[in-house]
Structures are given as C-alpha cells and as structure tokens.
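The values are calculated or read from the model by the stated rules, or taken from the named source; none is laboratory data. For clarity, every value in this text was computed on a predicted model and none was experimentally measured. Every residue, glycine as well, gets a Cβ built from its backbone with ideal geometry; the counts of neighbours run over all protein chains shown. Areas reflect the complete protein model, heavy atoms only, side chains present, ligands, DNA and RNA absent. Shrake-Rupley method; radii C 1.70, N 1.55, O 1.52, S 1.80 Å.
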Amino acid sequence: MTGDRRPGRPRSEAARQAILGAAIDELKERGYAALTVEGIAARAGVGKQTIYRWWPSKADVVLTALLDLSETTIAVPDEGSLEEDLRGFLAETFRQRGQRPVLAGLMAQALLDPVFATAFRERFLFRRRAVLREILERAAARGEIASDLSLELLIDVVYGVLWYRLLIEHAPLDDEAGRRLADLVLRAVR
C-alpha cells in the first residue's frame, strides 16, 4: 500500500455531484429546517454513510453546494470603473435572493455551532467579502476612492444591508435595492 489512498471505497465525483444537486433540490422543496441527510441521500441515490464520509452535517453539505453554485453564478467584474464593477457585482449578488432560505438556514446553524460558524465564515462569507474588496482596491488604485476611506467598513455596510434584508425581510432584496445600495456606496467614496 502506497498510502496515497484512504481506506474504503474511492470517492465518486458523480456521487458527489448527485449529493450536492439533491441538497439544493431538497432545500428548494422543503427549506433548510426540514432538510435531512436521509432526504438528500434518498434523492441522490446514495447511502447516508456516503454523505457522512464526506461531510459531518447537513449544513456542511449545503455549504459545499452553495459554494459550488456561487462560484458559477457570481464573477468578479472588471469593467474598468468602480461604478460599473460595483453595479455589476451587486446586480449579480442581489439576483441570488432566491437563495434566502439556504443562507438564512446556514446563518442560523452558524449561530448554534461554532465549528460550522468558522467554516461558513472562512469558506463563504470571507470569499464574498474578498470579491468586493478586490473591486474596491482596484478602484482605490485608479484613484476613484478617497484614500482615507476604510474599505473594511464599506464592505461591512454593503453586506450589512444585504444580510439584514435577507434575514429580517423588512424590505425587498431586489434589483432596485441593489441599485440604491450602489448609489449610496458611490456617493460615500467620493
């Protein structure tokens, strides 16, 4: 034995994709609270042990599915100006509002489970912040942002609005909200 392979059956990419797809489908139909590993396994055509071999909880399965989905749906725009990049980024981000049940469920899990909270923060939240930071840093390098402005605070403002509307649902999280938030940020940086 060379030590290159873990004991047990090798992981199947087809099974992995089936599990992640099943998790998203189950979430859409049942919501996060009613989601179970058993339901994901049944829909994916795999055993529960296959899921538990790869992920410690349903939240981890959902996080991986969400990461796969977000990497294919939200790109880092580079149109050459802060206004165009920010508007493009926020438009794409706000188009993901259909993910509300998923994101709210993961945030709730993060509040209850410190280990998952770390994974959620590092694998999802910090990645999304990094995309916006990249847009703002490029704009700063072009001289479009005041040099004394705190980019981290600005990122907090953008994601604060997004998460507050997503979790509280007191106001729409729609294209208009994205445009208005972009306008607010653009006024703040000049």
remark   = Exactly one of Phe126, Phe120, Phe94 is open to solvent by less than 30 Å² (accessible area, probe 1.4 Å) and at pLDDT 85 or above, and that residue is Phe120
ask   = Applying the selection to region 25-58, what residues are within 19 Å of Phe120 (Cα to Cα) and modelled with pLDDT under 90?
value = Leu27, Gly31, Tyr32, Ala33
key: Residues being within 15 Å of Leu86 (Cα to Cα) and in contact (Cβ under 8 Å) with a residue 60 or more places away in the chain - total across region 135-190   = 15
inquiry  = Any residue that is open to solvent by less than 40 Å² (accessible area, probe 1.4 Å) and of a type in the set (Ser, Thr, Tyr) - is there at least one of those in region 151-159?
reply    = yes
Residue check for Val62: open to solvent by less than 20 Å² (accessible area, probe 1.4 Å) and either out of contact with any Gly (no Cβ under 8 Å at 6 or more places or on another chain) or of a type outside the set (S, T, N, Q) (or both) = yes
